[in-house]
Amino acid sequence: MGVPKRKMSKMKRRRRVSANHYKGVQATTCTVCGKAVKTHRVCPSCGIYKGKQIITVSE
């Protein structure tokens, strides 16, 4: 296992860690109604997933 020769500065360590920063769940738009939907989920407003009607939504 490698051992570092010098101490890594705070700036270099923070820059490395910030590249892997979690951005949170990214919302996408529904292709039919255009509302915000979580990825890989059925749209709660129209009930469509991947172009197919999955659930019936009463208005």
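For this structure, a couple of remarks:
- Given (1) under 12 Å from the mean Cα position of the chain (by Cα); (2) touching a residue at least 12 places away in the same chain (Cβ under 8 Å), number of the condition V42 does not satisfy: (1)
- Residue count for region 44-59 satisfying the condition of being among the basic types (K, R) and either part of a loop (DSSP other than H, G, I, E, B) or touching a Pro at 6+ places or on another chain (Cβ under 9 Å) (or both): 1.
- Residue match in region 35-43 (condition: surrounded by 10 or more Cβ atoms within 10 Å (Cβ to Cβ), assigned to a loop (DSSP other than H, G, I, E, B) and in contact with a Cys (Cβ under 6 Å, 6 or more places away or on another chain)): yes
- Test: residue in region 4-24 that is in contact (Cβ under 8 Å) with a residue 12 or more places away in the chain and among the β-branched types (V, I, T): no
A short reminder: the numbers here are calculations on the coordinates, not readings from a lab. Since we're looking at a predicted model, the values are computed, not measured. Note that each Cβ is placed from the backbone with ideal geometry, even for glycine, and that neighbours are counted across all protein chains shown.
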